[in-house]
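Coordinate-derived values only; no laboratory data. Predicted model only: the values in this text are computed from it and were never measured. No Cβ is skipped: glycine too gets one built from the backbone with ideal geometry, and neighbour counts run over all protein chains shown.
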Ligand SMILES: CC(C)(COP(=O)(O)OP(=O)(O)OC[C@H]1O[C@@H](n2cnc3c(N)ncnc32)[C@H](O)[C@@H]1OP(=O)(O)O)[C@@H](O)C(=O)NCCC(=O)NCCS
């Protein structure tokens, strides 16, 4: 996988095994993992998660990417499109947007900036007609990011015993 996207402040590049420590440090925070279905509690779990993503790059040609701050060259989060092969809310084999950032980098527009690059890539390069996303209903930050990007709320559904919101965006809704 040799794709790299660039935004004003960020580099989006494939995750590598050398990212495990930074990735684990970001995840090892109850505020970051609060709404995650698979919280990563050990370095080994973080490594297995990155291996799974690398496998998705090989299988599907896409997956969540590392987000690196240009200023410092540090990993500050992950963001990207993924082929959601398993059924969720009645959908399967759809592309969804996901993201996660280290808490010290919240509220600076990074989730939005990275996602905008991914939406452009998805519509213009992958030629997708629709991109989906979901968020736990109580995860206000994540729901706000999606709404700000132009995603439309579709329906509420239950997963993992928690109410979730399902969203979709089409190219003409891009902000
Ligand atoms: C959700 C998350 C990605 C937001 O990242 P971020 O970089 O802080 O988001 P942005 O700065 O791009 O914010 C986008 C908008 O959402 C709002 N927002 C972000 N977090 C918020 C929060 N916790 N509460 C209320 N609003 C919030 C911002 O104010 C901004 O709106 P504005 O421009 O009108 O002010 C980040 O909090 C995170 O990584 N959380 C933990 C992991 C997670 O929950 N991932 C999503 C799983 S579905």
Notebook entry, point to check: Among 98, 80, which is closer than 21 Å to residue 1 by Cβ and touching a helix residue (DSSP H, G or I) at 6+ places or on another chain (Cβ under 8 Å)?
Noted result: 80
Check: Which of the following residues is surrounded by fewer than 18 Cβ atoms within 10 Å (Cβ to Cβ) and out of contact with any helix residue (DSSP H, G or I) (no Cβ under 9 Å at 6 or more places or on another chain): 173, 73, 143, 89?
Finding: 73
Next item on the list: Pairs only if they're at least six apart or on different chains, beta carbon under 6 angstrom, first in the range 118-146 and in contact (Cβ under 8 Å) with a residue 60 or more places away in the chain and over 19 Å from residue 66 (Cβ atoms), second within 10 Å of the ligand (Cβ to nearest atom) and not in a strand (DSSP E or B); list them, first residue then second.
Entry: 135/142; 135/143; 136/35; 139/35
Check: Out of curiosity, is residue 167 surrounded by 14 or more Cβ atoms within 10 Å (Cβ to Cβ), touching a residue at least 60 places away in the same chain (Cβ under 8 Å) and within 15 Å of residue 91 (Cβ to Cβ)?
Finding: no
Next item on the list: Could you tell me which residue of the range 35-45 is nearest to residue 83 (Cα to Cα), considering only residues that are free of Cβ contacts under 8 Å to residues at least 60 places away in the same chain and within 14 Å of the ligand (Cβ to nearest atom)?
Entry: 38
